[in-house]
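In what follows, a structure is listed as structure tokens, so that the remarks can point back to it.
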Amino acid sequence: MRALTLLGLIFFAPSTMGQDTGLSFLRIGVNARAASMGDAQTASVQNAFATYWNPAGLAATRKNSIAGSHRIWIGDVRAYDIAAQIPGSRGGTWGFALTATDSGDLEARTQPGEPDGIFSAQFISSGLSYARVLLGLRTGLTLKYLRERIFDTNASGYAVDFGFQANAFGKRLNLGAALRNFGRMGILETERTPLPRLVQGGIAFSPFQIIAIFDEARLLDLMASIETSHLFDENLTRLHIGATVTIMDLVDLRGGYISDDALRTYTFGIGLFFDRIDADYAYIPFEDGFDGPGHILSLLYHW
């Protein structure tokens, strides 16, 4: 289990110090917009990345979208994500997502001094989602297949996500909540890796807008999100606050805050809109003691 001890410093750092929650890459936000807004995305997400945050968001629009993301994390760990949103028949919407995380070469140590060798770790999550409107609520479900490899040992498992969203006050207020990563892994070496089970929910609202008189174009739109998440295995509750200012439907300026996170506190980012393409970037300053900062670049195409 020496590999797992070292991996805890890399993949589990977003949790409370010293607590290994297993497969914690599943709760590191996959896209730049969310990461730059303190991961406050459960109530407002409405595109292909809803497959990760809240599958109910897939039912918010009948548009197609496809997205990809590249994340640079602690210790130069790289993660790659793709997601798709495809409206189906009878009002339902399908989603697909794939996440792959690679640690690169790591030194295995059981004591100070020369390393005992080199090892690597890979984690994969693939998911199929379905969402539709039921009784005025957007509801969604995701089924995920999970696989991990450390040294030459492998394990696989499954997880289920479920969520809902609702609008109020003419869509100026969005509410949402999601349960994520409820499932079970197979045995890796001598024990099962626990999943980072959590529940997250909150609101997203637009308190201020400037709209052109003649064509009703949005000249400026402020949106804020306030959410909380509870990590069951750590019995830890966190606060997520995010805000974004959209200028003339061309540029987003974003900022966020996460409480009780060993790795992140404040986050920042920017978004650029080109017709049907959204390009987003997140800058994540890490707390002292971690190599950083982190960077996330996302692209989304919708039609």
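Read-outs: derived from the displayed coordinates by stated rules, not from any lab. Everything numeric in this text was worked out from a predicted model, so none of it was measured. A quick note on method: Cβ atoms are made from the backbone with ideal geometry, for glycine too, and the neighbour counts reach across all protein chains shown.
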Label points 7 Å out from Cα along the Cβ direction at THR228 and LYS171: separation in nm? 3.0
In nm, to one decimal, how far is the modelled label at ASP288 from the one at THR265, with both set 7 Å along Cα→Cβ? 1.0
Using Cα springs under 10 Å in a Gaussian network model of the chain, which residue among ASN154, ASN54, ASN174 shows the largest mean-square fluctuation? ASN154
Identify the GluC sites (Glu not before Pro) of the stretch 148-210 meeting these criteria: DSSP loop state and at most 14 other C-beta atoms within 10 Å of the C-beta. GLU189
Modelled label reach - TYR158, point 7 Å along Cα→Cβ, the stretch 42-61 residues with backbone N closer than 18 Å: none
Distance in nm between LEU250 and SER120 label points, each 7 Å along Cα→Cβ, equals 4.4
Rank GLY271, HIS230, ILE258 by how far each Cα sits towards the positive end of the charge dipole of the stretch 227-303 (+1 on Lys, Arg Cβ; -1 on Asp, Glu Cβ) and give me just the farthest. GLY271
If I stretch the segment between ARG276 and ARG78 completely, what's the gain in nm (0.36 nm per residue apart, minus their alpha carbon distance), one decimal? 68.6 nm
Largest first and in whole Å, what are the equivalent-ellipsoid semi-axes of the chain based on the Cα gyration tensor, each being the root of 5 times an eigenvalue? 34, 21, 17
Using Cα atoms only, what is the angle between the long axis of helix 2-11 and the major principal axis of the chain, expressed in degrees (0 to 90) to the nearest 10? 20
Sequence order, the stretch 155-172: Karplus ³J(HN,Hα) from phi using 6.51 cos²θ - 1.76 cosθ + 1.60, θ = phi - 60°, Hz rounded, Gly and Pro as x, gives 8, 9, x, 9, 8, 10, 10, 9, x, 9, 9, 8, 10, 8, 6, x, 6, 7
To the nearest Å, what is the center-to-center distance of the stretch 253-298 and the stretch 172-229, using C-alpha atoms only? 15
Rg from C-alpha atoms of the stretch 216-303, normalised by the globular rule of thumb 2.2 N^0.38 Å, equals 1.28
Could you give the length gained on full extension between LEU239 and SER89, defined as 0.36 nm per residue of separation minus the Cα-Cα distance, in nm? 50.3 nm
Longest segment of the chain with no trypsin sites (Lys or Arg not before Pro) in a DSSP loop having at most 10 other Cβ atoms within 10 Å? 172-303
